[in-house]
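Take a look at the structure below.
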Amino acid sequence: MPSFDIVCETDLQEVDNAINSCTREIQNRYDFKGSKSEIKRDDETITLLADDDMKHKAVIEMMKTYITRRKLDARCLDFQKPEAASGNMIRQVVKIRKGIDQDNAKKIVKLIKDSKVKVQASIQGEQVRVTGKNRDDLQEAMQLIRDEELEVPVHFNNFRD
């Protein structure tokens with residue numbers, strides 16, 4: 001029976017490249033001269049540190065821009081609430097999304113079932129498996145999911161006939 005998996009994967013090497021480009025721009029930009037602003041990545045989180053609110057917003061926009069330039073979806077970044085750090089600085093933790101959480105997986109399954117496409121969707125851990133009798137129905141389900149605006153970026157893996 002033909003099937004495919006819906007997953008949320010983020011290429012960490014591309015995230016590192018975006019962070020390096022962003023750091024280079026922070027070092028070279030005139031409005032960041034003498035600033036202590038920085039970006040660091042630990043495993044699945046990125047920490048943004050900025051001197052004031054204006055620089056904080058500029059760092060966020062730079063980060064989103066460079067992530068998009070590296071052919072990643074900016075929705076792969078889950079921005080947490082900014083907090084005050086020592087020295088009158090602003091710190092914000094950004095989580096890198098890996099896998100589809102249960103709420104979004106349920107939305108995807110509900111979307112597929114409500115569409116009346118002749119496929120079955122099931123949640124398997126951090127991915128959703130979609131099976132059907134023929135490849136055309138699976139491609140129709142893929143297009144349906146692409147057209148829907150979801151909170152997480154989704155990719156299709158393991159397309160099997």
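The values are calculated or read from the model by the stated rules, or taken from the named source; none is laboratory data. Treat the numbers as computed from the prediction; the structure is a model and nothing was measured. Glycine gets a Cβ as well: all are built from the backbone with ideal geometry, and neighbour counts include every protein chain shown. In case anyone asks, the SASA skips ligands and DNA or RNA and just uses the protein heavy atoms, side chains included. Shrake-Rupley method; radii C 1.70, N 1.55, O 1.52, S 1.80 Å.
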- Task: Can you tell me what the convex hull of the Cα atoms of the range 55-117 projects to on average, as an area in nm²?
- Result: 6.2 nm²
- Query: Going toward the positive end of the dipole of the range 9-68, with +1 on Lys and Arg Cβ and -1 on Asp and Glu Cβ, which of Ile60, Ser35, Thr10 do you reach last?
  - Reply: Ser35
- Could you work out the local net charge near Leu12, counting Lys and Arg as +1, Asp and Glu as -1, over the other residues with Cβ closer than 15 Å to its Cβ? -2
- Query: Reachable aspartates and glutamates from Lys55, Cα under 18 Å, same-chain residues fewer than 8 places away excluded?
  - Reply: Glu25, Asp31, Glu38, Glu83
- Quote the convex hull volume per residue of the range 1-44, based on C-alpha atoms, as a whole number of Å³. 96 Å³
- Task: Keeping all protein chains in place, calculate the accessible area per residue for the range 25-159 (probe 1.4 angstrom), answer in Å².
- Result: 62 Å²
- Message: Starting from the 7 Å offset along Cα-to-Cβ, what nm value, one decimal, do you get for the label separation of Arg24 and Gln120?
- Response: 5.1 nm
- Item | Net charge, Lys55 excluded, C-beta distance under 14 Å - Lys, Arg +1, Asp, Glu -1 | -2
- Under the helix-only model (-39500 (n - 2.57) for each DSSP H run of 4 or more, divided by the residues of the chain), the mean residue ellipticity at 222 nm, to 500 deg cm²/dmol, is -12000 deg cm²/dmol
- Set the Förster radius R0 to 35 Å, insert the Cβ-Cβ distance between Gln143 and Thr45 as r into 1/(1 + (r/R0)^6), and round the FRET efficiency to 0.05. 0.55
- Task: Once you've got the Cα coordinates, tell me which of Lys36/Lys64; Lys57/Lys81; Lys71/Lys106; Lys98/Lys118; Lys81/Lys106 are over 22 Å apart.
- Result: Lys71/Lys106; Lys98/Lys118; Lys81/Lys106
- Give me the angle, in degrees from 0 to 90, between the Cα long axis of helix 53-69 and the longest principal axis of the Cα atoms of the chain, rounded to the nearest 10. 40 degrees
- Note on the structure: Lys and Arg at +1, Asp and Glu at -1: neighbours of Lys64 with Cβ under 12 Å from its Cβ sum to +2
- Query: What nm distance separates the two modelled labels at Phe156 and Asp16, each placed 7 Å from Cα along Cα→Cβ?
  - Reply: 3.1 nm
- Which longest run of the chain has no exposed loop site in it, a site being trypsin sites (Lys or Arg not before Pro) in a DSSP loop with at most 10 other beta carbons within 10 Å, and the site itself not part of the run? 117-161
- Task: Subtract the Cα-Cα distance of Ser86 and Lys64 from 0.36 nm times their separation in residues, and report this length gain in nm to one decimal.
- Result: 5.4 nm
- Item | Rounded if a/c under 1.5, otherwise prolate or oblate - the range 14-103, Cα gyration tensor axes | oblate
- Message: With +1 assigned to the C-beta of every Lys and Arg and -1 to the C-beta of every Asp and Glu, and no other charges, what is the dipole magnitude of the range 1-88 about the Cα centre in debye, to the nearest 20?
- Response: 440 debye
- Message: Under the rule a/c < 1.5 gives rounded, and otherwise a/b versus b/c splits prolate from oblate, where does the chain land using the Cα gyration tensor?
- Response: prolate
